[in-house]
């Protein structure tokens, strides 16, 4: 049985479809941060230093993340989008200058986010909210 032309066209076009529709930028603000080691976990206060709000922004067009967390400004490339689904955006990233890789999940309806980063001996978990405008 010969494959139908529309099926061949559909299968050819699938890799060209976006994994999911996402905004161009997403800004997230942590409400709670936890640091864990194999021995224990502790809450870390979210501190706004010098009036600067703790936040980070994902630039989905340039695949970067920039922001201020803790006492440091940071910038990282290699932002990778996962499939996501109808309920959540899911992103992954790696910091080539450190041992940390991270994952971020954002509920599309509420904007609530959870993010985790980990190395071999410690991990950080953030809870907070994200905002965005417009879809790509």
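Table for the structure above
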{"read-out": "Extreme residue, modelled with the lowest pLDDT, among residues of region 73-90 that are assigned to a strand (DSSP E or B) and touching a strand residue (DSSP E or B) at 6+ places or on another chain (Cβ under 7 Å)", "value": "81"}
{"read-out": "Single match in 53, 122, 61 (criterion: out of contact with any helix residue (DSSP H, G or I) (no Cβ under 7 Å at 6 or more places or on another chain) and modelled with pLDDT of 85 or more)", "value": "122"}
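The values are calculated or read from the model by the stated rules, or taken from the named source; none is laboratory data. Only a predicted model underlies this, so the values are computations on that prediction, with no experimental measurement involved. Virtual Cβ from ideal backbone geometry, glycine too; neighbours counted across all protein chains shown.
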